[in-house]
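The values are calculated or read from the model by the stated rules, or taken from the named source; none is laboratory data. Note that the coordinates shown come from a computational prediction; the quantities given were computed from them, not determined experimentally. Heads up, the Cβs are rebuilt from the backbone with ideal geometry, glycines too, and the neighbour counts pull from every protein chain shown.
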Amino acid sequence: MSIWDFGSICQCSHQKETEAAVPKETSHELTAANKQARLECCRHLLKRYPSSTVNFIWFMDEKIFTVTAPSSMQNDRVYMVTGVHTKDVVPERLLCTRPTFSHSVMASVGVLALGHTNLHFVDPGVKINKRYYRDTLLIRDLLPGIKQSLPDYFTLQQDGTPLHRF
């Protein structure tokens, strides 16, 4: 028995002309274990702080965003008149060069229940170390916005990245 049966072939041949095949996009999925681990961390954090202070906890994080998405070579075509051979075409017309790596940008932001800081971008080519994080991202960029929003009291919550350990 083959994977195609007569019913599925008939069904495929009778599909509406308005339907078209669309490629699936890839995405990241949170597994049940990931969700459970995040829930446990949140519960642990809430136990550490009284409910009256939860709205004043700033969560800080950085994220790298890809600016240039890689594209598929199968979509690049050169159209030529029938009978013309590729050896007769200018080589630059047949080559499609792309950079090996996509361009990216790193952004940093702070959020809390009552608001957020401005989005701050890391300068391209900068090596992020503890000093750059503390002096540039935290003290120069993020803390002024935090102090402007909540000048009297706030808690700064960061993830476990080694950069955040002074």
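Summary of computed values
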{"item": "Any chance Val54 is of a type in the set (Val, Ile, Thr), modelled with pLDDT of 65 or more and part of a loop (DSSP other than H, G, I, E, B)", "result": "no"}
{"item": "Within segment 110-126, considering residues that are closer than 25 Å to Phe56 by Cα and exposed (fewer than 15 other Cβ atoms within 10 Å of the Cβ), the one modelled with the lowest pLDDT", "result": "Leu114"}
{"item": "Matching residues in segment 127-166 - criterion: being among the β-branched types (Val, Ile, Thr), touching a Phe, Trp or Tyr at 6+ places or on another chain (Cβ under 8 Å) and modelled with pLDDT of 85 or more", "result": "Ile146"}
{"item": "Among residues of segment 117-139, those that are of a type in the set (D, E, K, R) and closer than 16 Å to Asp159 by Cβ, counted", "result": "2"}
